[in-house]
Amino acid sequence: MKKVYLSVGAIAMMLASPAFAATKVSVELIGERGGKMSIKLDKNEVPAGEITFDVVNAAMQTPHEMVVIKLDKAGQKLEVDPDKNRVDEAKLNSMGEVSDLKAGKGGTLTVNLEPGSYELICNLKGHVAAGMVVPFTVAK
């Protein structure tokens, strides 16, 4: 009986360990209209698997969003449509987003990501051009 109890306890501890939990990435969306903008991450590389992005819009007045884009290859540059002043997401591999974050608000996105190169962007009009794009790597 004691061996069964220890085995069940060991399994319960393994299931509760961080190896089975989603990797968390803290994302801060920074900047106001008409100025420099950016996306700040607490880590730019994570292992493949389930990733939870905890996103906060740190702006005082400007709304933001965070879109996860899977790149075809490392170093790929996203093209901004000059007529719309934003990236055409229909032409890209969007993995999900936290959209419509008013100033001071936050949200989360949990996605299962394969190894590869990604970019996190705010695709509101003019925000990519203002600097709201950051590379992100998912390792094996």
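Only residues that are closer than 12 Å to PHE136 by Cβ and of a type in the set (A, V, I, L, M) were counted across segment 23-69, and they come to 10. Put simply, of GLU119, GLU65, GLU97 the only residue that is outside any loop (DSSP other than H, G, I, E, B), open to solvent by 20 Å² or more (accessible area, probe 1.4 Å), among the charged types (D, E, K, R) and in contact (Cβ under 8 Å) with a residue 40 or more places away in the chain is GLU119. Only residues that are under 17 Å from ASP54 (Cβ atoms) and open to solvent by less than 40 Å² (accessible area, probe 1.4 Å): list them for segment 104-116, please. Listed by number, the residues that qualify are GLY107, LEU109, VAL111, LEU113.
Each row is one residue, and each column tells you yes or no for (1) over 19 Å from ALA22 (Cα atoms); (2) among the hydroxyl-bearing types (Ser, Thr, Tyr).
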site	(1), (2)
THR52	no, yes
ASN85	yes, no
ASN112	no, no
LYS125	yes, no
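Looking only at segment 73-94, which residues are within 18 Å of VAL134 (Cβ to Cβ), open to solvent by 50 Å² or more (accessible area, probe 1.4 Å) and not β-branched (Val, Ile, Thr)? Passing the criteria: LYS73, ALA74, GLY75, LYS77, GLU79, ARG86, ASN93. Cβ separations smaller than 8 Å between residues 6+ apart or across chains give no pair from segment 20-39 residues that are free of Cβ contacts under 8 Å to residues at least 24 places away in the same chain to residues that are of a type in the set (S, T, N, Q) and open to solvent by 60 Å² or more (accessible area, probe 1.4 Å).
Matching residues to (1) open to solvent by less than 60 Å² (accessible area, probe 1.4 Å); (2) in a strand (DSSP E or B); (3) at pLDDT below 95:
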| residue | (1), (2), (3) |
| --- | --- |
| VAL4 | no, no, yes |
| SER7 | no, no, yes |
| ALA10 | yes, no, yes |
| SER26 | yes, yes, no |
| ILE39 | yes, yes, no |
| LYS43 | no, no, no |
| VAL55 | yes, yes, no |
| GLN61 | no, no, no |
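The values are calculated or read from the model by the stated rules, or taken from the named source; none is laboratory data. Nothing here was measured: the structure is a model prediction, and the numbers come from that model. Using ideal geometry, Cβ is built from the backbone for each residue, glycine included, and neighbour counts are taken over all protein chains shown. Please note that ligands, DNA and RNA were not included when accessible areas were found on the heavy atoms of the full protein model with its side chains. Shrake-Rupley method; radii C 1.70, N 1.55, O 1.52, S 1.80 Å.
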